[in-house]
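The values are calculated or read from the model by the stated rules, or taken from the named source; none is laboratory data. Everything numeric in this text was worked out from a predicted model, so none of it was measured. When we count neighbours, we look across all protein chains shown, and the Cβ atoms used for this are built from the backbone with ideal geometry, even at glycine.
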Amino acid sequence: MGVRSKKPSGQGSVAEGARGFAASERSGLYLPEKLAIELDAVLQAQRDAEQEAWAAKQMKAVEQPKAIGSSSIVGPSPERPRLPGTGPRWRLYTKADLDAAHLQNEEQGPRNKTDREQVTKLIGALYKAGLHRRVALKPELSSFGALIEQHPNFSCVLDYLRSALALALKTKQPPNIAPILLDGPPGVGKTYFADAISKWMGTGFLRVNLETAQTSAELVGTARHWGNSQPGRLFGLMCSGSYANPVVLIDEVDKAGGDVHHRSDAALYALLEPNTAQCWADSALPTVQMDLRAVVWILTSNDRRRIPAPLRSRMQIFEIPQLTRPQASRMVETLFAKAAKEVTGDPQQPRLPAAFARMLSIFSPREIERVCRTLVAYAVVEECDEIGVDHMSKSGADRAKLQEWSDLVCWVPTGRGT
């Protein structure tokens, strides 16, 4: 079935709706294959239109050059890039450290040519990025209400963040946010919540799962005496990012692996302590120290008692409870309205019957968001004003989970879907 170009009654066009689902591809919330194929043509048309608009804008800029004395079309020099936003400037590292690292690297001689080239690239990237980053302050604290609606069981964490950010706005200083530990059973939405916070702040995001890591090299890099020395992902985030306070999620910290000499959580002791975080250095470039005190750390665990006490003492601990059934139903309605607004511009179109909202309330927050996006996509493509049983059968919702709730067995569609 091809994508229809007719504008549904009370809804935005499919072309407008397709744009809202582009974000789902980046966040790993993939649509069913058939629906993805139907929307692909619309997405491509949208990209072509945006490319044409961009090209026209560039041609206009070339035809009408800036007047003398105005800002140049060419951007600032690589050594002093323009910083985004209006938050406080934060010096991430010093030029003296970069110069010393460069001199030390040149003195290595002709040996270890590959290693020298690697270090030269790292130092060059830091020179180009500049010494300073911006600390983003969120003035729209009123939007915390939407976060509470979407994550009602995280209200205590949001209250803590709101107070820290409000103080930073009042004092015009970087927010002082202690490392946050989200402790709770699987399925309460800890990782999903951290991802939502990073999107709200818009300062960059990095996720590292300690359950599968054997050492801390993924986070902090490998030393130069190893033949395959590489910087860690944290170095890459700080080097390429524009902000000094990105969100770093350390998942499953209570399941950290490795042996007694090379544990995957070993680097956290220095990173989560302000006195040592202000002079942190990646193992691949140990002579350049970075000030990481502005980084927002969020860690998750299922059993905080398995975290070593010295590491646990560095964290602000929050116990995250399971959602109550009314909370879960309201969250389904909120996430569905959000998905509908992204596509049609109207959070009430299409409509989700209350019975289906109760059905979806047994899923995790991430599963709920995925299913809601799929339901809205089907309704828009088929030009329906309300979600029906047929849409539920194609939504990708786990039928076995629905069967666990005996009160809703009668609503489980049969004969279609998986």
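Only one residue in VAL220, VAL208 is of a type in the set (A, V, I, L, M, F, W, C), modelled with pLDDT of 85 or more, within 22 Å of THR191 (Cβ to Cβ) and under 17 Å from the mean Cα position of the chain (by Cα), so which one is that? Result of the check over VAL220, VAL208: VAL208. When we screen ALA309, ALA294, ALA267 for residues that are modelled with pLDDT of 85 or more, closer than 29 Å to ALA164 by Cβ, touching a Leu at 6+ places or on another chain (Cβ under 6 Å) and not polar (S, T, N, Q), the only hit is ALA267.
Looking only at residues of the range 312-327 that are among the aliphatic types (A, V, I, L, M) and touching a helix residue (DSSP H, G or I) at 6+ places or on another chain (Cβ under 8 Å), we find that the one that is modelled with the lowest pLDDT is LEU323.
Tallying residues that are part of a helix (DSSP H, G or I) and charged (D, E, K, R) within the range 112-161 yields 8. All of (1) in contact with a Phe, Trp or Tyr (Cβ under 8 Å, 6 or more places away or on another chain); (2) under 27 Å from SER229 (Cβ atoms); (3) of a type in the set (Phe, Trp, Tyr) hold for TRP280 with one exception: (1).
Would the range 271-282 turn up any residue that is assigned to a helix (DSSP H, G or I), at pLDDT below 90 and crowded, with 17+ Cβ neighbours inside 10 Å? No, every residue in the range 271-282 fails to be assigned to a helix (DSSP H, G or I), at pLDDT below 90 and crowded, with 17+ Cβ neighbours inside 10 Å. Looking only at the range 382-391, residues that are surrounded by fewer than 21 Cβ atoms within 10 Å (Cβ to Cβ) and assigned to a helix (DSSP H, G or I) come to 2 in all. I'm checking my understanding of the structure. Among residues of the range 171-196 that are among the β-branched types (Val, Ile, Thr) and under 19 Å from the mean Cα position of the chain (by Cα), which one is modelled with the highest pLDDT? Of everything passing the filter in the range 171-196, ILE180 is modelled with the highest pLDDT.
Is there a residue being modelled with pLDDT of 90 or more, within 30 Å of PRO326 (Cα to Cα), of a type in the set (Asp, Glu) and surrounded by fewer than 18 Cβ atoms within 10 Å (Cβ to Cβ) anywhere in the range 146-163? Yes; the residues of the range 146-163 include at least one that is modelled with pLDDT of 90 or more, within 30 Å of PRO326 (Cα to Cα), of a type in the set (Asp, Glu) and surrounded by fewer than 18 Cβ atoms within 10 Å (Cβ to Cβ). Take the conditions (1) farther than 22 Å from PRO179 by Cβ; (2) modelled with pLDDT of 85 or more; VAL260 misses just one of them, which is (2). If you check THR324 against the conditions, is it among the β-branched types (Val, Ile, Thr) and farther than 30 Å from GLU382 by Cα? Spelling it out, THR324 is indeed among the β-branched types (Val, Ile, Thr) and farther than 30 Å from GLU382 by Cα.
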